[in-house]
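Report on one structure; see the data block that follows.
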Amino acid sequence: MIQLPSNDFPVTLAFPPQGHWTQPHLALPCLKAWLHASGYGDVEQMDLSVEAFDHFLTAESLTRAAEKVQRRLPLDRFKEDRLPLGQMRAWRAAAESAASAESVIERVEAAKAVLRGQDHTVEAERGFWDPDRYIPAVRTLYHGLRLISSAHYPSELTPHNFTMSYSNDSSEDVLAATLDEEQNPFIEFYREQVMPRLIEREPRVLGLSVLYGSQLIPALTLARMVKAALPDCHITMGGGFLAYIGDKVMAAPGMAECFDSIVFHEGERPLLMLCEALRLGEGLEDVGSLAWWDRSDPDHPVAVKNMAAHPIKLDDAPAPDLDGLPMEKYFSPRVVIPYDVNRGCYYGECTFCTLPTVIGPGYRTRSSETIARHVVELRDRYASTHFNFITDCMPPGMIKDLPERLIEAEAGVTWWADARIEPKAYDADGAKRLYESGCRKLLFGFESATKRILKMMMKGQSLKSVVEVARNCTEADISVTFYAMVGFPTETREEARATLEFIEEHADIIREVSLQTFHIDEVAKTYKEPEQFGIRVLDAPGDLALYHDYEADQGMTQEEAAEMFEEMMASFRRNLAIFSGDNIFYFMQKSHYFLHLASGETPQGFSGRCADRTEARAQRAADPGLKVSPGLVTVPLDFSYSEAVRTLSDPLARAARPDFLTGRYVRDADQVAEEQLPPLEVKERFLLYDAENGEFVELRDGGARVLAALRQHGTLGSLIEAQRRGGASEAALDRLEQFAAELHRLGVLRSKTPTPTPSPALASAQG
Amino acid sequence: MNQNKDQREDAELEDSHDESSEAPTAAGGEALDLEGLDLTVETVEERISPSETNVFDK
Ligand code: SF4
């Protein structure tokens with residue numbers, strides 16, 4: 001092992017925006033630990049994704065954003081007598097900002113404190129555990145990001161994605177996006193918050209982890225800025241997304257100006273070899289799994305791709321090292337520690353799945369003893385008992401063995417993980433043992449309820465075993481999530497509906513569904529052997545294109561699958577408790593529902609509470625004591641907000657933006673959409689926003705008048721009295737009451753009721 | 001009723017005012033023409049797009 005003075009060779013590893021915001025990602029901690037164990041003492045890691053969220057969601061940034069929206073998208077700019085599709089998104093952003101900016105700015109810090117459990121010193125009093133404080137807080141943060149997005153219109157940053165008007169498919173677009181100060185929110189963020197730190201540190205190597213398509217532009221934006229400021233710093237990129245498109249990125253013109261190399265697949269060994277070569281001043285030819293630019297002729301860099309490195313023996317790898325990550329910035333009251341129990345998939349047969357391909361060759365695992373030892377170490381080092389075991393799925397042997405080792409080691413942790421249906425491993429006793437070892441939630445690849453489709457997918461599981469496994473887990477109080485897929489080649493609408501029905505019939509044992517639309521990337525079997533699946537893969541324009549459209553003679557078209565996705569989601573929203581109403585926010589925030597389970601709530605108890613909330617809201621009536629919510633903002637509009645939102649969510653309109661999943665445009669879609677979706681006509685409307693409640697509500701002139709009268713009278717009861725005295729008929733008063741009840745359900749009107757008692761689980765919630 | 005009520009805010013209710021000067025008003029004592037008013041209420045459900053359901057991979 002080489003021993004270096006710790007400051008001899010500073011390395012910085014950074015996770016560029018956008019990834020999820022509730023817990024650290026695993027890649028950098030693994031790399032840091034590996035470098036450290038190999039003698040590199042000065043390795044810094046930065047989660048720039050959570051830092052950016054934290055930075056944008058401050059009163060100061062939001063105030064700046066609101067001013068920018070005022071300048072770039074003033075509402076009165078839209079004064080024509082029609083609102084064409086091309087302006088609808090901008091108008092919507094302007095309207096929402098006008099209604100929400102002030103209260104979002106006022107509440108953003110408190111909202112972050114709620115999500116982070118920093119709003120109260122007593123655990124059980126924290127807003128995180130109270131849906132009526134948690135959900136408005138989450139909404140406030142979402143609306144804060146909408147404000148940031150509007151300021152960089154038409155870019156959109158959400159907790160789940162980042163897209164611009166530029167397409168990820170084209171290097172020309174991607175590179176242009178890295179320079180567009182108007183639309184790229186990260187240029188200013190990096191300049192102000194990140195570059196000064198990097199310039200002071202002068203790392204010899206900067207490693208950027210690009211797991212998702214949403215990170216490509218932000219990563220290259222940073223890389224370009226660092227390249228300009230620190231020309232001697234070697235910038236390397238790696239991660240899941242680049243395992244797919246790294247070769248295309250290397251072949252694209254202009255990329256050599258942004259960075260120096262790409263590591264393919266697993267990063268530990270190549271990164272260490274790269275650091276060694278650079279430290280010793282050697283060439284890069286022998287660095288395994290590296291693609292790099294030979295700059296012998298500085299004017300004409302030549303792309304070189306090296307041989308693959310041997311994957312590491314996972315059981316020898318140290319535990320991930322989370323030191324230096326901004327733990328207090330994650331949007332979660334407790335750190336959920338990610339830990340890699342294995343890499344690759346022991347099954348590896350599913351025809352749609354490319355996960356085992358991108359991590360690198362082969363399936364490797366840590367032993368249960370090692371895992372238990374690391375879990376205890378990490379628990380003590382980071383003072384958290386919550387774990388997310390990162391795995392494509394747990395092999396049956398480990399499902400049996402790991403619980404024993406964790407119990408033996410008195411780990412006292414709770415954890416969740418992805419899993420595959422293995423009826424033998426998840427029998428009743430096995431499930432109980434898993435629960436005892438701390439397992440609180442498992443996510444199974446269910447995909448479809450149709451045998452024919454399952455066979456084509458080569459899932460190797462029967463519906464009988466699916467039910468058996470889910471029931472055993474449920475009976476052991478382990479929450480079950482199913483991954484499901486719609487639109488697999490040749491799948492018909494009826495078959496997709498069968499999947500929907502199957503899930504809903506088993507809603508007592510399936511708490512959450514992660515529904516995906518099928519898509520084809522260039523690594524997938526469906527791409528390589530399309531005839532096996534009865535499809536024709538179409539060419540994808542764009543030199544960085546990864547995803548392809550396809551045509552099928554049988555089954556749903558891609559558009560029909562997209563419609564079916566909507567139908568299924570809408571049905572889940574009606575029929576699964578955690579998806580109903582605004583409870584969906586629990587599902588959307590990775591690990592938050594798990595933290596409730598980890599704190600003693602049962603899946604059934606939690607679902608019951610969600611269902612009760614939805615039901616209680618539906619039951620809200622026209623109580624005489626109702627008052628207008630004090631924070632309510634009313635903004636007059638010239639067009640209908642809900643019409644605009646509906647139009648924009650039409651598949652035709654959505655196709656005109658880079659697709660959320662794939663970051664790709666449907667060519668000419670904007671033109672087609674513009675032709676088929678009529679512009680909005682002028683209509684007098686009022687947009688209501690109440691920060692406490694956080695939903696946008698639209699009224700017409702009559703409704704706004706009643707609301708104004710209600711404000712003046714103080715309570716609904718007194719308004720009704722006045723109307724009665726004024727001679728209003730019973731039918732008219734009835735209408736008024738119905739209107740008031742509806743506004744009550746939406747939180748626009750509120751009654752004085754005591755704060756609801758906290759849920760039973762809170763009593764046991766400990767810090 | 002399942003609301004998070006801050007009593008202080010309720011106490012302030014009397015002073016609350018409409019943030020928009022352009023919103024219509026109705027004089028306290030005047031009868032509203034309740035039968036003639038359009039009381040339609042519209043909301044838009046948070047739309048969940050395919051990538052956003054994949055919160056576990058991302
Ligand atoms: S879908 Fe799951 S079980 Fe199938 S190959 Fe992929 S990771 Fe393995």
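Counting only protein heavy atoms and using a 1.4 Å probe, what share of the accessible area of chain A belongs to carbon plus sulfur, as a whole percent?
Numbers: 14200 of 28070 Å².
Result for chain A: 51 percent of the exposed heavy-atom area is carbon or sulfur.
To the nearest 100 Å², how much accessible surface do chains B and A cover up together, summed over both, with a 1.4 Å probe? Let's see the in-between values first.
Working: alone 6540 and 31150 Å², together 31080 Å².
Buried: approximately 6600 Å² between A and B.
How about A:Lys32: which lysines have a C-alpha closer than 18 Å to its C-alpha, ignoring those fewer than 8 places off in the same chain?
Answer for A:Lys32, where 18 Å is the Cα cut-off: A:Lys313, listed by chain and number.
Output the direction-averaged projected area (hull surface divided by four) of the convex hull of the alpha-carbon atoms of segment A:1-149, in nm².
Details: hull surface 52.5 nm².
The directionally averaged projection comes out at 13.1 nm².
I'd like the projected area of segment A:183-288, averaged over all directions, using the convex hull of its alpha carbons. Report it in nm² with one decimal. Please list the in-between numbers first.
Details: hull surface 27.5 nm².
Across all orientations, segment A:183-288 yields a mean hull projection of 6.9 nm².
Residues with amide H under 5 Å of A:Met237's amide H, sequence separation 5 or more or different chain, H placed in the peptide plane at 1.01 Å from N; which?
Close amide H contacts, sequence-distant or interchain: A:Leu208, A:Ser261, A:Ile262, A:Val263.
Per residue of A:629-637, how many C-beta atoms from partner chains lie within 10 Å of its own C-beta, taken as a mean? Intermediate results must be reported in sequence, preceding the final value.
Working: counts 5, 11, 4, 3, 4, 6, 4, 5, 0.
Mean shielding count: 5.
I'd like the antiparallel share, as a percent to the nearest 5, of DSSP beta bridges with both residues in segment A:334-613. Mind dumping the intermediate values first?
On the way: 7 of 33 bridges.
Close to 20 percent.
Lysines near A:Lys464 by alpha-carbon distance under 19 Å, same-chain residues fewer than 8 away left out - which ones?
Partners within reach: A:Lys424, A:Lys451, A:Lys455.
Using a 1.4 Å probe and counting only protein heavy atoms, arrange A:Cys393, A:Cys353 so the residue with the most accessible area comes first.
Numbers: A:Cys393 5, A:Cys353 45 Å².
Ranked from most to least accessible, the order is A:Cys353, A:Cys393.
Would you work out the relative contact order for chain A, in percent, from Cα pairs under 8 angstrom that are 6 or more residues apart?
Numbers: 1415 pairs, mean separation 104.2, N = 767.
About 14 percent, as a whole number.
Can you give the mean number of other chain Cβ atoms that lie within 10 Å of the Cβ atoms in peptide A:692-705? Let's see the in-between values first.
Details: counts 5, 2, 0, 4, 3, 4, 5, 6, 6, 4, 9, 7, 10, 10.
So the per-residue partner count for this stretch is 5.
With no solvent and one point per C-alpha, what does the Debye sum give as log10 I(q)/I(0) for segment A:334-613 at q = 0.07, 0.12, 0.16 Å⁻¹?
-0.27, -0.79, -1.30
Mind ranking A:14-26, A:166-178, A:604-616 by how tightly packed they are, going by the mean number of other C-beta atoms within 10 angstrom, highest first? Mind showing how you got there, number by number?
Working: A:14-26: 24.5, A:166-178: 21.7, A:604-616: 17.5.
Listed from highest to lowest mean packing, they are A:14-26, A:166-178, A:604-616.
Ranked highest first by average number of other Cβ atoms within 10 Å, how do A:218-228, A:183-193 line up? Don't skip to the answer; put the middle values down first.
On the way: A:218-228: 23.3, A:183-193: 19.2.
Packing proxy ranking, top to bottom: A:218-228, A:183-193.
Straight-line reach from A:Lys79: which aspartates and glutamates have a Cα under 12 Å away, not including same-chain ones fewer than 8 places off?
Within reach: A:Asp638, A:Glu681.
So what's Rg/Rh here for the protein assembly as shown, counting alpha carbon atoms and using the Kirkwood radius for Rh?
On the way: Rg = 27.5 Å, Rh = 28.3 Å.
Looking at the protein assembly as shown, the ratio lands at 0.97.
What does DSSP give for chain A in terms of the percent of beta bridges that are antiparallel, rounded to the nearest 5?
Working: 30 of 72 bridges.
Restricted to chain A, the bridges split so that about 40 percent are antiparallel.
Just the Cα atoms of segment A:552-626: what Rg and Dmax do they give in Å?
17.1, 61
Write down the accessible area per residue of the protein assembly as shown in Å², having rolled a 1.4 Å probe over the full set of protein chains. Show your work: numbers first, answer last.
Values: 31080 Å² over 825 residues.
Per residue, the protein assembly as shown has 38 Å² of solvent-accessible surface.
Given the pairs A:Lys528/A:Lys590; A:Lys248/A:Lys525; A:Lys305/A:Lys528; A:Lys459/A:Lys528; A:Lys441/A:Lys528, which are separated by over 27 angstrom at their Cα positions? Working shown, then result.
Values: A:Lys528/A:Lys590 33 Å; A:Lys248/A:Lys525 19 Å; A:Lys305/A:Lys528 23 Å; A:Lys459/A:Lys528 19 Å; A:Lys441/A:Lys528 35 Å.
From A:Lys528/A:Lys590; A:Lys248/A:Lys525; A:Lys305/A:Lys528; A:Lys459/A:Lys528; A:Lys441/A:Lys528, over 27 Å: A:Lys528/A:Lys590; A:Lys441/A:Lys528.
Given points 7 Å out from each Cα along the Cα-Cβ axis, report the A:Ala383 to A:Val122 separation in nanometres with one decimal.
Those two pseudo-labels are separated by 2.1 nm.
Which residue, chosen from A:Ile148, A:Ser384, A:Ala228, occupies the Cα position most advanced towards the positive end of the dipole of the protein assembly as shown, where the dipole is computed from +1 (Lys, Arg) and -1 (Asp, Glu) charges on Cβ about the Cα centre?
A:Ser384
The values are calculated or read from the model by the stated rules, or taken from the named source; none is laboratory data. The model shown is predicted, which means the values in this text are computed figures rather than measured ones. Please note: Cβ atoms are built from the backbone with ideal geometry, for glycine as well, and neighbour counts cover all protein chains shown. Surface accessibility is based on the protein's heavy atoms, side chains included, excluding ligands, DNA and RNA. Shrake-Rupley method; radii C 1.70, N 1.55, O 1.52, S 1.80 Å.
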